[in-house]
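A.B. asks: Encoded as structure tokens, here's the structure I'll be asking about.
The values are calculated or read from the model by the stated rules, or taken from the named source; none is laboratory data. Every value quoted in this text rests on a predicted model; they were computed, and no experiment measured them. Reconstructed Cβ throughout: ideal geometry from the backbone, glycine too, with neighbour counts over all protein chains shown. For accessibility, only protein heavy atoms count, side chains too; no ligands or nucleic acids. Shrake-Rupley method; radii C 1.70, N 1.55, O 1.52, S 1.80 Å.
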Amino acid sequence: MKICKETYIRRRAQLKKDVGSGLLLFLGNDEVGMNYADNTYRFRQDSTMLYFFGLDFPGIAAIIDIDEDREIVFGNDLTIDDIVWTGSMPSLKERCEPVGITDVRPMSELAKIVTGKLVRFLPPYRGDHRVWLWELLGVEPAAQAAKASVEFIKAIVKQRNYKDEEEIRLIEESVDLSTEMHLAAYRTVRPGIHESEVAAAVEEVACRHGNALAFPTIATVQGQVLHNHGFIHDLKEGDIFLLDAGAETKNHYAGDLSSSMPVGEKFTDRQAEVYNIHLRSFQAAVDKLQLGTPFRDAHIAAATEIARGMKELGLMKGDPAEAAECGAYALFFPCGLGHMVGLDVHNMENLGEQYVGYAEGQVKSTQFGFKSLRLARPLEKGFVFTVEPGIYFIPELMDKWEAEGQFRDFICYDKLGPWRDFTGLRNELNYVMTDDGARLLGTIKKPMTIEEVYKAKSY
């Protein structure tokens, strides 16, 4: 499925209306060498370029000149030397026509167009963009983030935060493919194999369908390390295996799921107890997903249920709701509940969480645990986001908090010793807000309950 020309034209028109004046600069991504120039990483276009121009190839830039009402794409057609390596490609003009752009120019003309203009640009996230902005506009790299246009950022967020039916169908396609990746892991995980074997089985699903990964796969028995991208462990009976993996479809929309499962046939009794506490926290969060309700409330609901569960295990004390509000829960749940999803797996994170995940006037906390909450704003129709509570036993964090005497009214430090080697677990699903509330995305069910997990592992 492709996005139609009229959608791109409408998006650009709305952007011009929302910003109001000036020249908007879009820098496309280029190929980047891994260890020398011709041996490149997989090319991935800038998401804002994709959203407004739909052009998925390197070596381009674009401008929208609001005052003169013109839209121009800059790039160079292939030379014969290029064609020898890549084969023939459509011209720049031919590539731009399907997205409603008729004014195309050589890259050498970009500098002439921007000179002397009020140029609005976005905060760069790549080194080559920082150099490009320095050369084009004379803004030194250290000053670029501060001088990026807030009006431009907010106008983009105003569109990209709200998914229409066209985008929702594309995201649902990526969620289904991501679910297939996770089902492959359930079928593969068993004692005696290596983490890399599971990662290979998972990533093969995306590759087989001609798609890419939305982010580097996390496939580990060390689930207490939140972003563990190394595949270095053998799987043993009694381990918990954690997978965080998602597909990016050809249109570059992302899915983002996580799963936790026993390496052997079943969880141990202790693992099953913690897993069920986690499921309670997940449902508590989902129950809060209502139009107009701040996502922070869902985070607090999950944190409260985790604190209640830890109290049942003898690891916490006091009122679970107070433990959630003050941040004591973060010893076991140090990350945020979820984030927006779209063309980026953490949608528009490069533009700033304060604009994407927080409403005007909302202040992002700097407190441990809460500072990792990427989404806190009231939920609105068209928001697509993840729900991903987790329970983690991180020995280094336990030691630090105990040494500092943190939250002694809530945490039973003398009872944590036997739990230091538990590792961690989490599950993640993707939702869209509709007029009727939150709808779970995906037509293929990902296992969640213990019974569903065991069934997925029996093959």
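A.B. asks: Label points 7 Å out from Cα along the Cβ direction at residue 166 and residue 439: separation in nm?
C.D. replies: Simple spin-label model gives 1.8 nm for this pair.
A.B. asks: So what's segment 41-135 giving for Cα Rg divided by 2.2 N^0.38 Å, two decimals?
C.D. replies: Cα-based Rg divided by the globular estimate yields 1.13.
A.B. asks: How long are the three semi-axes of the equivalent ellipsoid for segment 190-284, computed from the Cα gyration tensor as the root of 5 times each eigenvalue, in whole Å, largest first?
C.D. replies: 25, 17, 11
A.B. asks: By how many nm would the segment from residue 232 to residue 312 grow when fully extended, if each residue of separation counts as 0.36 nm and the alpha-carbon distance is taken off?
C.D. replies: Length gained, residue 232 through residue 312: 25.4 nm.
A.B. asks: Then there's this: Using only alpha carbon pairs under 8 Å that are at least six residues apart, calculate the relative contact order of segment 124-244 and give it in whole percent.
C.D. replies: Reported relative contact order: 19 percent.
A.B. asks: Keeping every protein chain present and rolling a 1.4 Å probe, give me the accessible area per residue for the chain in Å².
C.D. replies: 43 Å²
A.B. asks: I've got another one for you. Check residue 212: other-chain or 5+ apart residues with amide H under 5 Å from its amide H, H built from backbone geometry?
C.D. replies: Close amide H contacts, sequence-distant or interchain: 248.
A.B. asks: What is the sum of charges, Lys and Arg at +1 and Asp and Glu at -1, for the other residues whose Cβ falls under 15 Å from the Cβ of residue 41?
C.D. replies: Local net charge: -3.
A.B. asks: With every atom except the alpha carbons ignored, what do you get for Rg and Dmax of the chain, in angstroms?
C.D. replies: So, for the chain, Rg and Dmax equal 23.8, 73 Å respectively.
A.B. asks: Could you compute the FRET efficiency for residue 276 and residue 380, with r as their C-beta to C-beta distance and R0 at 35 Å, rounded to 0.05?
C.D. replies: Efficiency at R0 = 35 Å is approximately 0.60.
A.B. asks: Helix hunt in the chain: which complete DSSP H runs extend at least 18 Å axially by C-alpha with mean Kyte-Doolittle at least -1.0?
C.D. replies: Passing helices, by number: 165-188, 195-208, 269-287, 295-312.
A.B. asks: Would you work out which of 22, 194, 275 lies farthest towards the positive end of the dipole of the chain, given +1 charges on the beta-carbon of Lys and Arg and -1 on that of Asp and Glu, about the Cα centre?
C.D. replies: 22
A.B. asks: Cut-off under 23 Å on the C-alpha distance; same-chain residues fewer than 8 positions from residue 415 excluded. Which lysines are left, in chain and number order?
C.D. replies: In chain and number order, the partners are 311, 317, 400.
A.B. asks: Would you mind pulling out the separation of the Cα centroids of segment 289-354 and segment 367-382, in Å?
C.D. replies: Result: 9 Å between the Cα centres.
A.B. asks: Ok, one more. Mind checking the full-extension length gain between residue 266 and residue 21? Use 0.36 nm per residue of separation minus the Cα-Cα distance, one decimal, nm.
C.D. replies: Full extension from residue 266 to residue 21 adds 82.1 nm.
A.B. asks: I would also like to ask the following. Contact order normalised by length for the chain, with contacts defined as Cα pairs under 8 Å and 6 or more residues apart; what percent is it?
C.D. replies: 14 percent
A.B. asks: Nothing charged except the Cβ atoms of Lys and Arg (+1) and of Asp and Glu (-1): what's the magnitude of the dipole of the chain about its Cα centre? Round to the nearest 20 debye.
C.D. replies: Dipole size: approximately 600 debye.
A.B. asks: In addition: Name all residues of segment 40-66 having a backbone nitrogen under 20 Å from the label point set 7 Å from the Cα of residue 84 along its Cα→Cβ direction, giving them as ranges.
C.D. replies: 40
A.B. asks: For the cross-link pairs 158/364; 117/147; 236/445, which exceed 22 Å when the distance is taken from alpha carbon to alpha carbon?
C.D. replies: The pairs that break the limit, which is 22 Å between Cα atoms, are 236/445.
A.B. asks: Right, something else. Pulled fully out, how much extra length does the chain show between residue 94 and residue 291, if you take 0.36 nm times their separation in residues and subtract their Cα-Cα distance?
C.D. replies: 66.6 nm
A.B. asks: Label residue 10 and residue 135 with points 7 Å out from Cα along Cα→Cβ: what is the distance between them in nm?
C.D. replies: About 3.8 nm, to one decimal.
A.B. asks: Report the FRET efficiency, 1/(1 + (r/R0)^6), for residue 364 and residue 102, where r is their Cβ-Cβ distance and R0 is 45 Å, rounded to 0.05.
C.D. replies: Calculated value: 0.60.
A.B. asks: By per-residue mean of other Cβ atoms within 10 Å, what is the highest-first order of 328-338, 165-175, 138-148?
C.D. replies: 328-338, 165-175, 138-148
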